[in-house]
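J.: One structure coming up, written as structure tokens, with questions to follow.
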Amino acid sequence: MGEATRDYSTYSYWLETCGDDLTPRPAMDVSIDVDVAILGAGYSGLWTAYYLLQQNPSLKVAILEREIAGFGASGRNGAWCTSGFPTSMDTLAKGWGRSAAIDMHRAMAGAVDEVGSFAARHALDIQWEKSGSLFIARGEAQLPEIGEIARSLTDYGFEDEVEVYDKAATDERIRITETLGSVWLKQTAVIHPGRLVRGLARVVESMGATIYEQTAVTDFTGGAYPVLHTDRGHARARMVVLCGEAYMSGLKGVGRQVMPVYSLITLTEPLTSDQWAAIGWYSRHTVESCKYTIDYLSKTADGRILFGGRGAPYHFGSKIEDSYDLHGPTHTMLQDNVRAWFPGLKDVRFTHTWGGPLGWPRDFMPTFSFDVRTNVASARGYTGNGVATANLAGRTLADLMLGRQTERTTLPPVNHRSRSWEPEPFRFLGVRYVQRSFGKLDEKAARTGKAPDGKSLAERLAKR
Ligand SMILES: Cc1cc2nc3c(=O)[nH]c(=O)nc-3n(C[C@H](O)[C@H](O)[C@H](O)COP(=O)(O)OP(=O)(O)OC[C@H]3O[C@@H](n4cnc5c(N)ncnc54)[C@H](O)[C@@H]3O)c2cc1C
């Protein structure tokens, strides 16, 4: 099938139901001169364009997108718009100081609200609903993590944002087998990711930006007039911005700054009101258990359960392919989990399965950077927490690029540079080892009822 005839609605339920025409916009077929040229029409690239144009409407902004706006993780995610940041508060405090950790959390919480305010400002129905998130302990081994999550926010003065629940109080919010307790966090909204990314693309166009789709950037060069190169011409600008997240692993110069890790999702049919009553999940709070092999749940506005998780293998050379979005054993495991967590749903039908790559930096610390010598900016490395983070990144890049000092321009991710990932075959061997070890740690914890002690090599390698 040729690129232009690809059916983008098949890439996720969110793209299928975003209500937007997914026919690609015209490609860039001649060289152009602009003020700002952006690689990638996901949240990061589009938010950067939005805040730049909001502050300076006369800027000429072009966005170059290999597929269509929202093709990447922005059009496929688990719908959590959360203040959860990839790096823990303690690690931030250790590296950047206690007040930086506090500022980071405040900025992230602000980003959750800003996404909702943006949608209201532009009359976009992105189904933003701030119902919080519930981290549950399934089994004894997960109980310590509940306490740890509550402790880390309380220690930094955010006790008003946390509530710890025992089993009975948890069961009042959702009934999941083997659950012994939970912690509820206030600063999470649930959204329709596809409507957000496609709506945001329309808004930035209405502000004067041009989005070129079906336009792959093959290389970039920095300098007084930095350039995004394509096979059909180049975009020369005063500043360029790299917002390709996981896909940047294929770009020369930044390729080892992020590694693609696949996250996969399955979706049920809409549940009946009896089924929802049996589960007792009345509000739209998101849910996650405290496992190493991450799982995450959300509830769609039309009454389906989205169950996502990791577990799909890393591919040698950080390769990304459409076929990797589907991984039978992982999707089967996710569907088995739905039936095990909610026995009343043993006969539920699954209507959608999809997945996509996240961008992992070597130290799990995102980067929002602008290099004044090369005029190259970049936002990347959000791990599994990119929805709200990308909004903050876009606002911060706009500040940095316009030379404004704000409360954002001193945040820890600003001009951070992560260590590069190891070259192959070491990367492959190391990542596959950690992936396998996490599975074993979870199995052992479930079997013995004891939480992992944090001392194994895999735990130390993946400490945030
Ligand atoms: C399955 C899944 C579930 C997730 N769940 C959550 C969640 O619930 N909550 C949360 O906070 N985060 C979640 N994330 C992460 C979050 O979605 C991402 O961090 C965020 O969307 C990243 O936005 P982005 O714009 O930086 O990258 P992307 O959305 O990936 O956009 C990058 C864009 O750049 C384009 N591109 C790349 N390279 C080139 C090139 N060379 N030339 C031209 N264009 C290029 C791509 O086609 C793509 O459209 C999830 C991710 C996945 C995959």
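The values are calculated or read from the model by the stated rules, or taken from the named source; none is laboratory data. Predicted model only: the values in this text are computed from it and were never measured. Glycine gets a Cβ as well: all are built from the backbone with ideal geometry, and neighbour counts include every protein chain shown.
J.: Might you let me know whether the range 150-164 holds any residue that is within 16 Å of the ligand (Cβ to nearest atom) and assigned to a loop (DSSP other than H, G, I, E, B)?
T.: For the range 150-164, residues within 16 Å of the ligand (Cβ to nearest atom) and assigned to a loop (DSSP other than H, G, I, E, B): absent.
J.: Looking only at the range 277-318, filter to residues that are in a loop (DSSP other than H, G, I, E, B) and polar (S, T, N, Q); which one of those is farthest from W14 (Cα to Cα)?
T.: Filtering the range 277-318 for residues that are in a loop (DSSP other than H, G, I, E, B) and polar (S, T, N, Q), the one farthest from W14 (Cα to Cα) comes out as T293.
J.: Within the group A312, A340, which residue is in contact with a His (Cβ under 7 Å, 6 or more places away or on another chain) and outside the structural domain of R76 (by TED's automatic domain parsing)?
T.: A312
J.: Counting only residues that are out of contact with any Ser or Thr (no Cβ under 6 Å at 6 or more places or on another chain) and of a type outside the set (V, I, T), give me the strands (runs of 3 or more DSSP E) lying completely in the range 348-464 with at least 2 of them.
T.: Ranges flagged: 350-360, 367-371.
J.: Give G280, G328, G311, G344 a once-over and let me know the one that is at positive phi, over 18 Å from the mean Cα position of the chain (by Cα), away from the ligand (no atom under 11 Å from the Cβ) and of a type outside the set (D, E).
T.: Answer to the selection: G280.
J.: What are the residues in the range 97-109 that are touching a residue at least 24 places away in the same chain (Cβ under 8 Å) and under 19 Å from A388 (Cβ atoms), if any?
T.: Matches in the range 97-109: A100, A101, I102, D103, M104, H105, A107, M108, A109.
J.: Between A73, A62, which is of a type in the set (A, V, I, L, M), within 14 Å of the ligand (Cβ to nearest atom), surrounded by fewer than 24 Cβ atoms within 10 Å (Cβ to Cβ) and closer than 24 Å to G40 by Cα?
T.: A62
J.: In addition: Which of the residues that make up the range 79-109 are in a loop (DSSP other than H, G, I, E, B) and either among the hydroxyl-bearing types (S, T, Y) or crowded, with 18+ Cβ neighbours inside 10 Å (or both)?
T.: Selection gives A79, S83, G84, F85, P86, T87, S88.
J.: Taking the range 313-329 on its own, how many of its residues are within 16 Å of G78 (Cα to Cα) and crowded, with 17+ Cβ neighbours inside 10 Å?
T.: 1
J.: Considering only residues that are of a type outside the set (V, I, T) and away from the ligand (no atom under 11 Å from the Cβ), look in the range 208-220 and name the one that is farthest from A377 (Cα to Cα).
T.: Restricting to residues being of a type outside the set (V, I, T) and away from the ligand (no atom under 11 Å from the Cβ), the top hit is G208.
J.: In the range 221-248, what residues are crowded, with 22+ Cβ neighbours inside 10 Å and near the ligand (Cβ under 9 Å from one of its atoms)?
T.: Answer for the range 221-248, where residues must be crowded, with 22+ Cβ neighbours inside 10 Å and near the ligand (Cβ under 9 Å from one of its atoms): L228, L242, C243, G244, E245, A246, Y247, M248.
J.: May I pose another question? Could you tell me how many of the residues in the range 200-211 are crowded, with 24+ Cβ neighbours inside 10 Å and either β-branched (V, I, T) or under 18 Å from the mean Cα position of the chain (by Cα) (or both)?
T.: 4
J.: Residues that are on the phi < 0 side of the Ramachandran plot, away from the ligand (no atom under 15 Å from the Cβ) and modelled with pLDDT of 95 or more: does the range 40-49 have at least one?
T.: No, the range 40-49 contains no residue that is on the phi < 0 side of the Ramachandran plot, away from the ligand (no atom under 15 Å from the Cβ) and modelled with pLDDT of 95 or more.
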